[in-house]
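So the structure is just underneath, and the comments pick up after that.
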Amino acid sequence: KVAYGFLPNVNLSLFRSPWDREAARAELGWPRDKLIFLLASRVDYTWKSADVFLDAFARFAADRDGARLVVTGWGNDYRDARERIERQGLLPKVIFLEACFAKPALFRRYAAADVIVDQFKVGLLGSVSFEALCMGKPVLTYLAPFNLHGYPSPPPILNARTQGDILRQLEFCAAEPAALARIGSESSRWYSTVYAARNLSSCVKTLAESGPGAWVATTDFR
């Protein structure tokens, strides 16, 4: 992932399919008039810092009725997360899915959300981020500076790490709906450009034919 000589495991025929947010919300029964964040990565405090995000969302949503959070239904800390939200009095503003989903069902939930939320710990783009970028959804996650510079151009993500960082990004999302639409469009274009088949095949060719002595030659572009 860091060296960019990596093909994300994304089902392109699915995640490049047309989608309609309002139709997806109607199908799922999600509110149509709310700003919806989908925490799509597994609920894990150690490896995903999901607790940091949940506490930031609690601060953000405490006095804001227009925001909702949907939480994926799996992970080591899923039960604790539900209790955490309940203690903070925010259960009416959070939808716990209570299940994990095959990709087509997950795609519909991505489509219904305004912002997809990934991890805030490891500093890499993971499967959730790649899928969301591919389909043109804004992604809120943490990409470390070292890994950010591993790409030929910066991915148009909402980058955050600390609770304060996340809170600022959440407030930005609420204040700038037009910017979210622009970031979504940029996300789809970025994924299509950076992970074009010709780029990956050229990178693999260089690594396979030239070996370690020539790997430095890939850093300027790849």
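The values are calculated or read from the model by the stated rules, or taken from the named source; none is laboratory data. A quick note: this is a predicted structure, and the numbers were derived from the prediction, not measured. Backbone-built Cβ (ideal geometry, glycine too); neighbour counts: all protein chains shown. Side chains included, ligands, DNA and RNA excluded: accessible areas come from the protein's heavy atoms. Shrake-Rupley method; radii C 1.70, N 1.55, O 1.52, S 1.80 Å.
Return the pair list, or none, for Cβ contacts closer than 6 Å from residues in region 59-83 that are within 16 Å of A174 (Cα to Cα) to residues that are assigned to a helix (DSSP H, G or I) and modelled with pLDDT of 95 or more, at least 6 apart or on different chains.
R59/L167; F60/L167; F60/L170; A61/K93; A67/A61; R68/K93; L69/F57
What number of residues within region 126-144 are in a helix (DSSP H, G or I) and in contact with an Asp or Glu (Cβ under 6 Å, 6 or more places away or on another chain)?
Counting residues in region 126-144 that are in a helix (DSSP H, G or I) and in contact with an Asp or Glu (Cβ under 6 Å, 6 or more places away or on another chain) gives 2.
Output the strands (runs of 3 or more DSSP E) that fall wholly within region 1-111 and possess 2 or more residues being more than 27 Å from E176 (Cβ to Cβ) and open to solvent by 40 Å² or more (accessible area, probe 1.4 Å), or say none.
none
So if I check each of F172, F146, F130, which one is touching a residue at least 40 places away in the same chain (Cβ under 8 Å) and open to solvent by 60 Å² or more (accessible area, probe 1.4 Å)?
None of the others qualify; the one that does is F146.
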